[in-house]
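Below is one structure, written out as structure tokens; the observations come after it.
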Amino acid sequence: MSGIGLVQPTGPSGKFRAMHAMVLNRLRTPLEWTELPDRRPGPGQIRVKITACGVCRTDLHVVDGELPDPQVPIIPGHEIVGRIDALGDGVTGLEIGQRVGIPWLGDTCGSCPYCRMQRENLCDHPVFTGYTRDGGFATAAIADARFAFPLGEAGSDASLAPLLCAGLIGWRSLAIAGEGKLLGLYGFGAAAHIVAQAACWQNRSVFAFTQPGDVTTQIFARSLGAVWAGGSDEMPPEKLDAAIIFAPAGALVPRALKAVRKGGRVVCAGIHMSDIPGFPYALLWEERQIQSVANLTRQDGLDFLRQVPAMGIVTHTTAYPLEKANRALGDLRAGRFNGAAVLIP
Ligand SMILES: [Zn+2]
Ligand SMILES: [Zn+2]
């Protein structure tokens, strides 16, 4: 494990170079535009000159201090697209100038029981980008080379950024939801707008649940192939095989259980959720299941990114200058855009 906080290295060859970042100095306060000395990659690490970084709901949970053991100061952001501009000792298979993506999973220990059973997403000693290691709301970032995904040259930087968490976690959630054809998506934000396209490509029928009355998002969901869109307080026209909950609202769990058929599965995809209210056992009875999804494995990322071109996924992004990160977070919180927000340094 090589978690680093706000280290203070000198620039390459001793020459001072500055990077800029939007730093969370105290929980529940706005990020602050900060100039920092540029950082040198350690052994096995790369430095990436960032060209785009997506804004994820998890960034809101980081800012709000809703995740365990919050660390400040921290630079949030874990949907990083950029080009390698420095290689640490021992890095192989990557080169200067190459475009890469840096996801949420920043490093794992490789030796705990979960790492050894190919479940590195559950590692006992993980490093998370933008949470326990500085992330991508910046002009540059340090990352572990083994956890960076080569992105090739197809697609714009901004269009790729949301794939690195919304897409990856969404893809893992979709796999865990099982093979069922009738799929409900609760909370139609960045992740759902990607998953809907992947699910349609898999010939599933997507049922999109939004905030009650959010007609704009319901129209957006239909435009991406949803066969039905309505409020989360509505029941779908037929029982679902599975539902994925992306919204951080525990009250959706019993509602989704009510919407799935016997033996159906409800997948909770978020890292944080408000408390789940009590509900009658009858909603879980008949072998319905509730399962959460935590983090990602590198294999999830490789599987997903390899198939993105075939799936024809088009991300809908709203770009903000890096220094407007607080506005982007506020707009995400208020649901003021559809698709995903992306910060551009
Ligand atoms: Zn581990
Ligand atoms: Zn995320």
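The values are calculated or read from the model by the stated rules, or taken from the named source; none is laboratory data. As the structure is a prediction and not an experimental result, all values here were calculated from the model. For neighbour counting, all protein chains shown are included, and Cβ atoms are generated from backbone atoms with ideal geometry for every residue, glycine included. Surface accessibility is based on the protein's heavy atoms, side chains included, excluding ligands, DNA and RNA. Shrake-Rupley method; radii C 1.70, N 1.55, O 1.52, S 1.80 Å.
Under 7 Å by Cβ, and 6 or more places apart or on different chains, what pairs join a residue from region 52-70 that is under 27 Å from G155 (Cβ atoms) with one that is hydrophobic (A, V, I, L, M, F, W, C) and modelled with pLDDT under 95? Here the result reads T58/I271, each pair linking region 52-70 to a residue that is hydrophobic (A, V, I, L, M, F, W, C) and modelled with pLDDT under 95. Among the residues making up region 85-102, those that are free of Cβ contacts under 8 Å to residues at least 60 places away in the same chain, part of a strand (DSSP E or B) and closer than 18 Å to G42 by Cβ are D85, L87, V100. Here is the figure for region 168-206: residues that are in contact (Cβ under 8 Å) with a residue 40 or more places away in the chain, closer than 27 Å to R333 by Cα and part of a strand (DSSP E or B) total 4. As for region 103-111, it holds no residue that is in a loop (DSSP other than H, G, I, E, B), within 16 Å of ligand 2 (Cβ to nearest atom) and closer than 21 Å to R40 by Cβ. Scanning region 124-141 for residues that are under 8 Å from I75 (Cα atoms) and either among the hydrophobic types (A, V, I, L, M, F, W, C) or in contact with a Lys or Arg (Cβ under 9 Å, 6 or more places away or on another chain) (or both) gives D134, F137, A138.
Listed here are the residues, each with its yes/no results for (1) open to solvent by 50 Å² or more (accessible area, probe 1.4 Å); (2) in a loop (DSSP other than H, G, I, E, B).
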site	(1), (2)
I244	no, no
A249	no, yes
L257	no, no
G264	no, no
V267	no, no
F279	yes, yes
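Right, L296: among the aliphatic types (A, V, I, L, M) and either surrounded by 14 or more Cβ atoms within 10 Å (Cβ to Cβ) or assigned to a loop (DSSP other than H, G, I, E, B) (or both) or not?
Values: among the aliphatic types (A, V, I, L, M): yes; either surrounded by 14 or more Cβ atoms within 10 Å (Cβ to Cβ) or assigned to a loop (DSSP other than H, G, I, E, B) (or both): yes.
Judged against the criteria, L296 is a match.
For region 56-70, state whether one or more residues are open to solvent by 50 Å² or more (accessible area, probe 1.4 Å), within 19 Å of R146 (Cβ to Cβ) and away from ligand 1 (no atom under 16 Å from the Cβ). Checking region 56-70: not a single residue is open to solvent by 50 Å² or more (accessible area, probe 1.4 Å), within 19 Å of R146 (Cβ to Cβ) and away from ligand 1 (no atom under 16 Å from the Cβ).
A quick yes/no check of all residues on (1) of a type outside the set (S, T, Y); (2) within 16 Å of ligand 1 (Cβ to nearest atom); (3) touching a helix residue (DSSP H, G or I) at 6+ places or on another chain (Cβ under 7 Å):
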| residue | (1), (2), (3) |
| --- | --- |
| I96 | yes, no, no |
| D107 | yes, yes, yes |
| M117 | yes, yes, no |
| L122 | yes, yes, yes |
| H125 | yes, yes, no |
| R133 | yes, yes, no |
| A145 | yes, no, no |
| A158 | yes, no, no |
| I194 | yes, no, yes |
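Could you say which residue among L151, L182 is surrounded by fewer than 23 Cβ atoms within 10 Å (Cβ to Cβ), away from ligand 2 (no atom under 16 Å from the Cβ), over 20 Å from L343 (Cα atoms) and not small (G, A, S)? So that I can check it myself, show each step before the final result.
On the way: L151 fails: over 20 Å from L343 (Cα atoms).
Checking each option against the conditions leaves just L182.
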